[in-house]
Amino acid sequence: MITEFGHFALILAFFIACFQVIVPLIGAHKRWPGWMAVAGPAAIIQFALTAGAFAALMWAFVTSDFSLRVVLLNSHSAKPMLYKITGVWGNHEGSMLLWVLIVTMFGAFAALGGAGLPPGFKARVLSVQAMIGAAFFGFILFTSNPFMRVPLPVPFDGHGLNPLLQDPGLAFHPPFLYLGYVGLSMSFSFAVAALIEGRVDAAWGRWVRPYTLAAWIFLTIGIALGSWWAYYELGWGGFWFWDPVENASFMPWLIAAALLHSSIVVEKRDVLKSWTILLAIIAFGFSMVGAFITRSGVLTSVHAFASDPARGVFLLGILAIFMMGALTLFAARAGAMQARGVFGLISRESALVVNNILLAVAAFVVFTGTIWPLVAELFFERKLSVGEPFFNLAFTPFMLALGLVLPVGAMLPWKRAKLGRVLRALRGPFALAVAVGALAYAMQNGRSALGPVGLFLAAWLVSGSAVDLWSRTGRGALRVRAQRLRRLPRADWGKSTAHAGLGITIAGIAGMMAWNVEDIRVVQPGESFDLAGFTLTLDGVRKFDGPNYRVTQAEVTLAKGTHVIRTLYPEKRFYPVAGMPTTEAAIDNGVMRDIYVVIGDPQADGGWAMRSYYKPLANWIWGGAILMALGGALSLSDRRYRVAAGARKAPMDGVPAE
Amino acid sequence: MRRLIVILCLMAAPVWAVQPDEILDDPALEARARDISKGLRCLVCRNENIDDSNAELARDLRLLVRERLVAGDDDKAAVDFIVARYGEYVLLKPNAGGSNLLLWAAGPLMLLLGGGIALIYLRRRSVAEEGAPAGLSDEEKARLAEIMRE
C-alpha cells in the first residue's frame, strides 16, 4: 500500500513539475504576479511529494518487500540494516530517484531562501529548475520506475547487494556526488534564467556563487570518499584510476572550480559575465554527461552494474535538449551582456582568467580522453583504450601550471597590480618550497622528478596561502596583526584553507606515486619479513563467519626494530549470496605513511600469498580534500553570503566539511 | 554480455593481481615487467591494467610479458609482441600515430586557442574605454547596499 502511495506521489510530482515549468514562465513574461508567485509553493510541494516517494521506497527496502523488482534484485533479508537503507541508492532506479529528490530539494531551497530575488527572476529560475525535474521524473517513470512489482508468487528472498557496495565509504559516496552534480543544476537554472531576462549583474554573481560553492564542496567530498574507498577496498592501494566514471565526476568538479572563481569576478568587477554563464551551463552539462556515462554503461567501467543502453538514449536526449537549448539561448543573448569593468593586464582579474583557462582546458583534456575510445571506434574504426598513462601525461602539466601561478594570482590586487611587489612578498614561500623540493630530491633513491616537484608545489601552495592570509592583516605590530587575523572575513580564511588543501593533496599524490614500496611474497605462518624499515610477521590465519559473509583473517604484527607498533588483521571475505569475494586490507594509518597489508591465497606449501605496501603521505590526499571542502564551507559561511539575497536560507550554511 | 564479463572478472577469485610465483628472480627484469604491465590493459576487465587485475587472462598476459623479457626482448619488442596478438586495444597509453594525434594534441591546441582568445580579451579590457565607469554603477551600488542591509 505504501508502495502505491509512493508511486502515486511520484506521478503527482511529475505533473506539478510540468505545471511549474509553464505557469511561472508565462507569468514572468506577462508580469502577472499571481502566476509568478505560484512557482514557490509548487517547488515545495514537488519536493514534499518526491521525499514521500523516496521514503516509500526506503520503507520497501527496510522491510525487505521483495514484491518490488528493485528490492528483489538489490536487497537481501540477511543484509545489515545500514546497507538495506543505503541499498536504496545502490541501484539504478533508486539512485535516479535520489537524483530527482535532490533536484527538487534545491528547487525548494531556492523557493524558500530566494526572498531577495526579484519575483520575475525567481519565477524563471524555478521554472528552469522544474524543467530539469520534469525531464528526470519522466525518465524515471518511463524507463526506470522503482515501484514496479514482480509477478506472483513473490520470491522468498532477494538477490543481495553487490558486496563491493556494502561498505560505509561507498554507501555515502553517491549521495554526496549527487548533491554536487545536482547542485550545479541550480547554477544552470540561474544562468538560463539570466539569459532569458538578458541581464547579468554583480548581484547575479552573488546569488549563483553559494550554490556553486555548495555543489563544489559536495563534489569534493564525494570524490574524496570514492577515492578513499578505492584505496582501502580494492586491495592494492590505488586511489585514482582515470576510470570513465571517475572522470565523469572529476570534469564537473574542475568546471565548478573554474565557475566559482569566475563568479567572484562577476560579483566584484562586473566582467567575465558571458564566460561565467557559459561555464554554469557547461558545468551542469558535464554533470549530466556523468549521469549518462554512469547510467548507460556506454563506456565500459567498474560502475557498469547499472548499465542499460535504452536508458542511455533517453538520458542522451535529455542532455542534448538541455545543452542545445541553453547554448542556443546563450548564442542569442550573450552579446547583450556588456562588460563594464576595466583592468590592467597584470591584475587579479587576469589571474582568474588564467585559472579559468587552465581548469577548463584540463577538464577538456579529461573529456577528450574519456570519450576518445568511442570517437575512435565510430569515426576511425580503431578499437583502442585510453587509460592512466595517458591522463597522467596529458593532464598533469595543467595542474603543475595552475599550482605554480596560484599563490601569485591569489595575492594580486584587483584592477591594476604590480607583479614585483607580489613576487617580493612571496620570496619566502618560494625559498622554502625550493628547499623542500631539494631536500626531497637529495633524500630519495633514484632520479624521479615526480616526488620533489610535487613537494615543491605543495610547500609553495601551503606557505603561499599562509603569506596571502597574513598579508591581509595590513601593517602594524605583530600583536595587532594577529588580532586582525582572527577578524578577517571567513571568505579570506576559506580561500587560504582551500588553496593550502590543494597543496596538501598534491603532496599526497606525489608522495604516494613516487615513493610507494611494494612487497609480494609467500609467507609461512610465523615468518617475518622487511618492508621499508618495518618488520611484518604473519602470526597466523583463521576462518570464521561474518553477518552475511565468510571471513579468512590473517594476524600480522607490525614492528619497527623490536618495538611492536600494532597488530593488523587483513581479511578476505566471501559473500555467498552474490558468490563474490572481496578483500579487506588492513591499514596502519600514520601522518607520514600508511602500512597496507593484504592477505592472498593459501599456497601449496602451507604458506600464504601476501602483498604489503609502504605508502608515504597517503592520508595527505584525503586530508587535503577535507581542507578544500572546509575552505569552501568557510567561504560559504561568510557573512556576505549569509545576508545575501537568494542565499539566506541556503541549505549549505554551516555544513561541516565531511 | 558485458555484465557477465564484469562478473567473471570479479569472480576470478583464486588469482589476486601479481602472484609471488610470477615474480622473476632478476629484480631489474622484474621492474621492467612491472612497468610494461602497468601500461597494458586487462582485456576482459573494466579500465584496469594487467598489473592490478585479478583476472585469469591478466595473469596469462603478465606471464607472457615476462617470458618475452626473459627471452631477451627489449621493452618495445615485448609490447609490440602483445599488441600484434591482441590489437592496440591493450595499450592504455594510445600511440600518437594517425588519428590519435588529435587526442594528444587536443589539450595543447585548446590551451593555445583559449590563451589566444583570453589575451585578446585582456588586452582589449586593459586599454578599454578609459574613463568608463569601473565596477558597479550607482544604481547597482544602491541595490547592493539594500541587499546588504537585510
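Before moving on, here are some points about what is shown:
- Of all the residues in segment A:508-561, those that are touching a Lys or Arg at 6+ places or on another chain (Cβ under 9 Å), under 17 Å from A:TYR614 (Cα atoms) and surrounded by fewer than 13 Cβ atoms within 10 Å (Cβ to Cβ) number 1.
- When segment B:110-124 is filtered for residues that are at the interface with another protein chain (Cβ under 7 Å from one of its Cβ atoms) and either of a type in the set (A, V, I, L, M) or more than 15 Å from A:GLU349 (Cα to Cα) (or both), the ones remaining, listed by number, are B:MET110, B:LEU111, B:GLY114, B:ALA118, B:LEU122.
- Of all residues in segment A:110-143, those being within 14 Å of chain B (Cβ to nearest Cβ), of a type in the set (A, V, I, L, M) and in a helix (DSSP H, G or I) number 1.
- Considering segment A:460-495, and only residues there that are touching a Lys or Arg at 6+ places or on another chain (Cβ under 9 Å) and crowded, with 23+ Cβ neighbours inside 10 Å, the residue that is farthest from A:SER448 (Cα to Cα) turns out to be A:ASP468.
- On inspection, B:ASP25 passes the criterion of being more than 10 Å from chain A (Cβ to nearest Cβ) and either modelled with pLDDT under 85 or on the phi > 0 side of the Ramachandran plot (or both).
- Contacts under 6 angstrom Cβ, first residue in segment A:376-392 being at negative phi and more than 7 Å from chain B (Cβ to nearest Cβ), partner part of a loop (DSSP other than H, G, I, E, B) and surrounded by fewer than 19 Cβ atoms within 10 Å (Cβ to Cβ), 6 or more apart: A:GLU377/A:LYS383
- Residue match in segment A:165-175 (condition: of a type in the set (Gly, Ala, Ser), surrounded by fewer than 18 Cβ atoms within 10 Å (Cβ to Cβ) and in contact (Cβ under 8 Å) with a residue 12 or more places away in the chain): yes
- Residue list for segment B:133-148, filter: modelled with pLDDT under 70 and exposed (fewer than 11 other Cβ atoms within 10 Å of the Cβ): B:ASP138, B:GLU139
- Whenever a residue of segment B:92-109 is free of Cβ contacts under 8 Å to residues at least 60 places away in the same chain and within 7 Å of another protein chain (Cβ to nearest Cβ), its partners that are in a helix (DSSP H, G or I) and basic (Lys, Arg), lying with C-beta atoms within less than 9 angstrom and at least six residues away or across chains, give the pairs B:LEU92/B:LYS38.
- Residue list for segment A:43-96, restricted to those being under 22 Å from A:ASP167 (Cβ atoms), crowded, with 24+ Cβ neighbours inside 10 Å and aliphatic (A, V, I, L, M): A:LEU57, A:VAL70, A:VAL71, A:VAL88, A:MET96
- Condition met for B:VAL83 (surrounded by 14 or more Cβ atoms within 10 Å (Cβ to Cβ) and either touching a strand residue (DSSP E or B) at 6+ places or on another chain (Cβ under 9 Å) or modelled with pLDDT of 90 or more (or both)): yes
- Segment A:592-614, residues that are more than 22 Å from A:ARG573 (Cβ to Cβ) and more than 14 Å from every other protein chain (Cβ to nearest Cβ): A:MET592, A:ARG593, A:TYR614
- A:VAL361 meets each of the listed conditions (1) surrounded by 18 or more Cβ atoms within 10 Å (Cβ to Cβ); (2) in a helix (DSSP H, G or I); (3) out of contact with any Gly (no Cβ under 9 Å at 6 or more places or on another chain); (4) β-branched (Val, Ile, Thr) apart from (3).
- The lone exception for A:LEU432 - which of (1) more than 10 Å from chain B (Cβ to nearest Cβ); (2) within 22 Å of A:ARG269 (Cα to Cα); (3) among the hydrophobic types (A, V, I, L, M, F, W, C) it fails: (2)
- Helices (runs of 4 or more DSSP H) lying entirely in segment A:400-504 (those with 3 or more residues that are in contact (Cβ under 8 Å) with a residue 40 or more places away in the chain): A:450-471
- Among (1) facing chain A (nearest Cβ under 7 Å); (2) in contact with a strand residue (DSSP E or B) (Cβ under 8 Å, 6 or more places away or on another chain), the one test that B:ILE50 misses: (1)
- Hits in segment A:337-374 (condition: within 8 Å of chain B (Cβ to nearest Cβ) and farther than 24 Å from A:LEU400 by Cβ): A:ALA339, A:ARG340, A:GLY341, A:VAL342, A:PHE343, A:GLY344
- Check on A:ALA326, under 26 Å from A:PHE250 (Cα atoms) and more than 10 Å from chain B (Cβ to nearest Cβ): yes
The values are calculated or read from the model by the stated rules, or taken from the named source; none is laboratory data. Source: prediction; values computed, not measured. Using ideal geometry, Cβ is built from the backbone for each residue, glycine included, and neighbour counts are taken over all protein chains shown.
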